[in-house]
Each structure stands twice: as C-alpha cells, then as structure tokens.
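A.B. asks: Quick one: the structure is below, and I'll ask about it shortly.
The values are calculated or read from the model by the stated rules, or taken from the named source; none is laboratory data. Since the structure is predicted, the reported quantities are computational estimates derived from the model, not experimental observations. We place every Cβ from the backbone using ideal geometry, glycine too, and count neighbours over all the protein chains shown.
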Amino acid sequence: MKTAIYPGSFDPVTLGHLDIIQRACKVFDELVVAVLVNPEKHTAFSIEERLAFLKRATAEIGIQNISFVGFEGLLADYAHRCGIHIIVKGLRALSDFEYEFQMALTNRKLNPDLETMFFTTSAENMYLSSSMVKQIAGFDGDISNFVPECILSDLKKRLYTGGRLG
Ligand code: PNS
C-alpha cells in the first residue's frame with residue numbers, strides 16, 4: 001500500500017490545495033493531509049479549525065482514501081514514525097521552487113527514506129495562495145472563487161471586517 005503525506009499550513013485550505021489533494025488521491029492508495037506549524041507564518045486559524053475545514057471540503061467531494069493529522073513538530077520524524085516515505089507538495093511557479101527544494105533536501109537529510117514528489121498546480125490555480133485569500137477577505141473582497149464553498153461562510157465570519165477598517 002502506497003501512502004503519501006501532504007503537509008502544509010492550510011490557513012485556510014484553498015481550491016489549489018483541493019486540486020492537489022484530488023490528484024494525489026488518484027496516485028496513492030492513502031493520502032495523509034498534515035496540518036503543521038510553519039514557524040515563519042502567523043496563522044489566522046487554529047490547527048483544529050484548519051483540520052475541520054479540510055475534512056469538510058474533502059468529504060463534500062467524496063474523497064475516501066484520506067486521513068488527517070495536525071501537530072507541531074518535524075515532518076521528517078512523523079513520517080519516520082508512521083513508515084511513510086513520500087511527501088507530496090504542490091508547485092505553482094518557479095518562485096516556489098527554491099523554498100520547496102530547500103525543504104525537500106532538508107527533509108531527506110533528516111530522514112533519508114523520505115522522497116518529495118511535486119505536483120504541478122493546475123493552470124487556473126497558479127496564482128492562488130492562502131495569504132492572498134486572507135488579504136482579499138481582510139478587505140471584505142470576494143473570495144468565493146478561491147476557496148471551497150462549504151467553508152466560505154466560516155471564513156467570512158472570521159476574516160471579513162464588515163467595513164471596520166474604514
Ligand atoms: O503551507 P506551507 O506554510 O508552505 O507549509 C510549510 C510546512 C508546514 C510544510 C513546513 O513549515 C513544515 O514542514 N513544518 C513542520 C516543521 C518541519 O518539519 N520543519 C522542517 C521543514 S524543512
């Protein structure tokens with residue numbers, strides 16, 4: 001059985017993440033989606049909230065060979081403990097490459113059994129990022145083209161300012 005792990009901040013999950021999840025679930029028998037702490041990012045949602053959004057969005061499109069985990073710690077250690085040898089990452093543009101390359105090499109140094117496999121994003125999601133979604137929502141803009149519909153109202157409740165900014 002081939003299991004892969006798809007790590008990220010998912011703050012919040014976007015249609016770009018969902019696209020990678022759907023495609024990776026066709027390639028692997030089981031996909032573990034890992035909501036992890038990225039020390040370089042301040043997040044808008046707790047790990048529990050981000051997990052709940054991911055579970056709702058993937059259940060809605062009927063994905064079954066998927067499981068979820070959230071924790072603060074090293075991905076390489078977790079993969080080793082679980083006997084997982086493949087990390088799935090999405091690549092949007094050349095600008096992602098250097099950071100992802102560095103992470104892939106570091107993870108393999110920490111755990112030599114770990115390979116990173118990159119899925120190129122679909123063209124319509126090339127520009128999409130969670131940070132962009134939060135920025136647009138922070139100015140009460142329309143994020144409905146960027147995130148799963150089933151989490152839209154929860155995101156708006158948290159991120160929309162209702163004109164409080166002026
Ligand atoms: O969606 P992001 O923020 O680009 O994902 C980055 C993430 C969470 C995958 C990365 O920060 C991570 O793996 N964090 C867990 C801690 C860890 O293993 N750090 C070493 C990675 S080289």
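A.B. asks: Kindly list, by first and then second residue, each pair from a residue in the stretch 57-78 that is in contact (Cβ under 8 Å) with a residue 60 or more places away in the chain to a residue that is among the β-branched types (V, I, T) and more than 16 Å from the ligand (Cβ to nearest atom), limited to pairs with Cβ atoms under 8 Å and residues at least 6 apart or on different chains.
C.D. replies: A57/I151
A.B. asks: Hey, T43 hits all of (1) part of a loop (DSSP other than H, G, I, E, B); (2) within 26 Å of P112 (Cα to Cα) but one; which does it fall short on?
C.D. replies: Tallying (1) part of a loop (DSSP other than H, G, I, E, B); (2) within 26 Å of P112 (Cα to Cα), T43 fails exactly one: (2).
A.B. asks: Given the condition free of Cβ contacts under 8 Å to residues at least 60 places away in the same chain, of a type in the set (V, I, T) and assigned to a strand (DSSP E or B), answer yes or no: does some residue in the stretch 22-34 qualify?
C.D. replies: Among the residues of the stretch 22-34, at least one is free of Cβ contacts under 8 Å to residues at least 60 places away in the same chain, of a type in the set (V, I, T) and assigned to a strand (DSSP E or B), which makes the answer yes.
A.B. asks: Across the stretch 66-82, which residue is modelled with the lowest pLDDT among those that are exposed (fewer than 15 other Cβ atoms within 10 Å of the Cβ) and hydrophobic (A, V, I, L, M, F, W, C)?
C.D. replies: F71
A.B. asks: In addition: Pick from D77, D19, D11, D96: which is assigned to a helix (DSSP H, G or I), within 24 Å of L155 (Cβ to Cβ) and within 11 Å of the ligand (Cβ to nearest atom)?
C.D. replies: Answer to the selection: D96.
A.B. asks: Follow-up. (1) surrounded by 15 or more Cβ atoms within 10 Å (Cβ to Cβ); (2) in contact with a helix residue (DSSP H, G or I) (Cβ under 8 Å, 6 or more places away or on another chain); (3) closer than 27 Å to S46 by Cβ: which one isn't true of H85, the others all being true?
C.D. replies: (3)
A.B. asks: Between F28, F53, which is more than 15 Å from the ligand (Cβ to nearest atom) and among the aromatic types (F, W, Y)?
C.D. replies: F28
A.B. asks: Then there is this: For the stretch 10-24, state whether one or more residues are out of contact with any helix residue (DSSP H, G or I) (no Cβ under 7 Å at 6 or more places or on another chain), of a type in the set (F, W, Y) and at pLDDT 95 or above.
C.D. replies: No: zero hits.
A.B. asks: Follow-up question, since we're still on this one. Do any residues in the stretch 1-13 that are among the small types (G, A, S) have Cβ atoms under 6 Å from those of residues that are in a strand (DSSP E or B), where the two are at least six apart or on different chains, and which pairs are they?
C.D. replies: From residues that are among the small types (G, A, S), the pairs are A4/L31; A4/I86; A4/V88.
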